[in-house]
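Derivation of every value follows stated rules applied to the coordinates shown; laboratory data play no part. Worth saying up front: this structure is predicted, and the values here are computed from it rather than measured. Ideal geometry is used to build each Cβ from the backbone, glycine not excepted, and the neighbour counts take in all protein chains shown.
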Amino acid sequence: MSRRKKKKHLSKLLFIVLIFILGFFAYQNLFKNNIIEVIKQEYNIYSKIDGYNKELLSRYKSYNSLFPNLEIEDIVKGVNLDLDKYNLEFDDNINNFSKDTYYKKDNIDRYLAYQDDNNELDHHEIIRRVNSNLDKEFYVDYVNTDLSKGLLMIANKFYYLGDYEPDDLITIPSEYGGNSLKASEITVNAYINMYNAIKEETNLKLKVNSAYRSYQRQKTLYNDYVNRNGIEWADKWSAKPGFSEHQTGLALDITTSSATFDNFEDTEAYDWLVDNCYKYGFILRYPSDDYYLTGYNFESWHFRYVGVDVATKIYNEKITFEEYYEYYVK
Ligand SMILES: [Zn+2]
């Protein structure tokens, strides 16, 4: 072998060794950086979008194939709002709904249907009404009340108590205007605190006109109303048996001894209760301008115990118990 040939041979060998060394380092580096993940990320166009959730990647992909004309950003927003579950295309209208404080993902198809029939209403109003179930029919589309919610159980024209009976009823003491009526213990104690507070501040004495009413009692009452004033009047002012909040033991009809139901709203006691009842855990249950949300006309006398924290939140947010329940409790 010539010297020249030997040299050529050696450089070939060196070259191969160099490739091996480089290859070895490159190989190590690939695994260090988890190259497969890096490549995947590079090709995941959704991952750069605000709000991207890697758990939803397969849903982004199928939503994208369902609506190929949507921007990638709107694909991510749409799936994050669960629109793929309803085969709905993300658009400005849905975007406006989704920005509302009380927007519920599960209700989007109902918001849109309600909007179709009531297009004079703004997004916020539609959300308030649908969240309060006003797209459903009173006493027809009802479900059983979830009694496990305890103090926050709801009874209205969409939630049925059946023959539920509270197990902690006590008599409201007569020295607190109790009229021998009964309510749940926690409600009675909160009422007594409120009674003492208003008496101390204004010298007014509250009186309870109605408190716990059993299923049977409500049945008699409702049937009397129907016989006297007709079913339409009865449904507006009274509840069908099993649907009355009085059956929970958490509701009190409060006035003073000098006022009637009709003029109670013009009294100092009413003003005081509206401003202060939340401090004792009560809410004005059927407020005047929200009668359509609760299913009842304004009742200046009907107060419901929900506990101080919830009552304060409802007072501050100026919402009804229907809205509170559907958004925060259910
Ligand atoms: Zn009442």
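List of remarks:
- Here is what passes the span test in the chain: the DSSP H helices with alpha carbon length of 20 Å or more along the helix axis and a Kyte-Doolittle mean of -1.0 or above are 3-32, 185-202.
- When peptides 43-53, 190-200, 246-256 are ranked by their average number of other Cβ atoms within 10 Å per residue, the highest-first order is 246-256, 190-200, 43-53.
- Karplus-derived 3J(HN,Hα) values for region 82-98, using 6.51 cos²θ - 1.76 cosθ + 1.60 with θ = phi - 60°, are 6, 5, 5, 5, 10, 6, 9, 8, 5, 8, 4, 4, 5, 4, 5, 4, 5 Hz; glycine and proline are entered as x.
- Rounded to the nearest 20 debye, the dipole size of the chain about its Cα centre is 3720 debye, using +1 on the Cβ of Lys and Arg and -1 on the Cβ of Asp and Glu.
- Rounded if a/c under 1.5, otherwise prolate or oblate - region 150-212, Cα gyration tensor axes: prolate
- Look at the Cα gyration tensor of the chain: its axes a ≥ b ≥ c give a/c of at least 1.5 with a/b over b/c, and that counts as prolate.
- For region 232-237, 3J(HN,Hα) computed residue by residue from phi via the Karplus equation (6.51, -1.76, 1.60; θ = phi - 60°) reads 5, 4, 4, 5, 6, 10 Hz, glycine and proline entered as x.
- Size-normalised alpha-carbon gyration radius of region 54-131, reference 2.2 N^0.38 Å: 1.11
- Dimensions in Å of region 143-329 - Rg and Dmax from alpha carbons: 15.4, 44
- Listed peptides 294-303, 232-241 appear in the order 294-303, 232-241 once ranked by packing, highest mean of other Cβ atoms within 10 Å at the front.
- Of every Cα-Cα pair in region 231-330, the percent that sits beyond 17 Å: 52 percent
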